[in-house]
Amino acid sequence: EKYPSRHGKNRKWRRYHMKRMLEKDQSEVFRYLFFGVCSMFLNFGCFRLCVMVMHYQAANLISWIITVLFVFLTNKFWVFKSEAKDKWKHELLRFTGARIATLIMEVLLMALFIEMLLWNEMFAKIIVQIAVVIMNYILSKYLVFRKGGE
């Protein structure tokens, strides 16, 4: 027997399916973190280039826009493997809304750390990105690319 019988929903069956679900979630988290690292390098690179010639908030906004476009595509097709081909506009709207929420969080935290606490710009960016990555995963998984119905 390839996997435990579903009949009676015995303990083996539940354990088998729980293990498969955890393996799937681990794979999804790994893909999210991989593309998250790629997007973080893209974000930091754009930010570093722009901050040399403009205010850090403008540099942050430009790096954010470029990164959001990259992340939407990677999350849709490779991380969460969304099959909602006819609903991509809804996903894009929810994704953009979620990213705007975390952008606001990022702008406020950057201002707090740099202007009020006088932290170094790149150190502040690293700390803020950790919080943003966690929040973005939660919002993407449970709000944007959710499985099943709307």
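The values are calculated or read from the model by the stated rules, or taken from the named source; none is laboratory data. The shown structure was predicted, so the numbers you read here are calculated from the model rather than taken from an experiment. Don't worry about glycine lacking a Cβ; one is built from the backbone with ideal geometry, like all the others, and counts go over all protein chains shown. Just the protein is used for accessible areas: all its heavy atoms, side chains included, with ligands, DNA and RNA removed. Shrake-Rupley method; radii C 1.70, N 1.55, O 1.52, S 1.80 Å.
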Single unsatisfied condition, Phe34 versus (1) without any contact (Cβ under 8 Å) to a residue 40 or more places away in the chain; (2) surrounded by 15 or more Cβ atoms within 10 Å (Cβ to Cβ); (3) of a type outside the set (S, T, N, Q): (2)
Residue that is least open to solvent (accessible area, probe 1.4 Å), among those in the range 100-150 that are free of Cβ contacts under 8 Å to residues at least 60 places away in the same chain and among the hydroxyl-bearing types (Ser, Thr, Tyr): Thr102
Hits in the range 48-59 (condition: surrounded by 12 or more Cβ atoms within 10 Å (Cβ to Cβ) and either more than 23 Å from the chain's Cα centre (by Cα) or free of Cβ contacts under 8 Å to residues at least 60 places away in the same chain (or both)): Leu49, Cys50, Val51, Met54, Gln57, Ala58, Ala59
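Hey, does the range 77-95 have a residue that's small (Gly, Ala, Ser) and either open to solvent by 70 Å² or more (accessible area, probe 1.4 Å) or in a helix (DSSP H, G or I) (or both)?
Initial filter on the range 77-95 (small (Gly, Ala, Ser)): 82, 84.
The next check asks that each one be either open to solvent by 70 Å² or more (accessible area, probe 1.4 Å) or in a helix (DSSP H, G or I) (or both); those that pass are none.
Looking for residues that are small (Gly, Ala, Ser) and either open to solvent by 70 Å² or more (accessible area, probe 1.4 Å) or in a helix (DSSP H, G or I) (or both), one finds none in the range 77-95, hence no.
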Residue match in the range 26-35 (condition: at pLDDT below 90 and in contact with a His (Cβ under 9 Å, 6 or more places away or on another chain)): no
Odd one out for Trp119, checked against (1) in a helix (DSSP H, G or I); (2) more than 14 Å from Asn75 (Cβ to Cβ); (3) not aliphatic (A, V, I, L, M): (1)
Residue count, the range 117-150 (criterion: more than 17 Å from Val37 (Cβ to Cβ), within 10 Å of the chain's Cα centre (by Cα) and at pLDDT 90 or above): 2
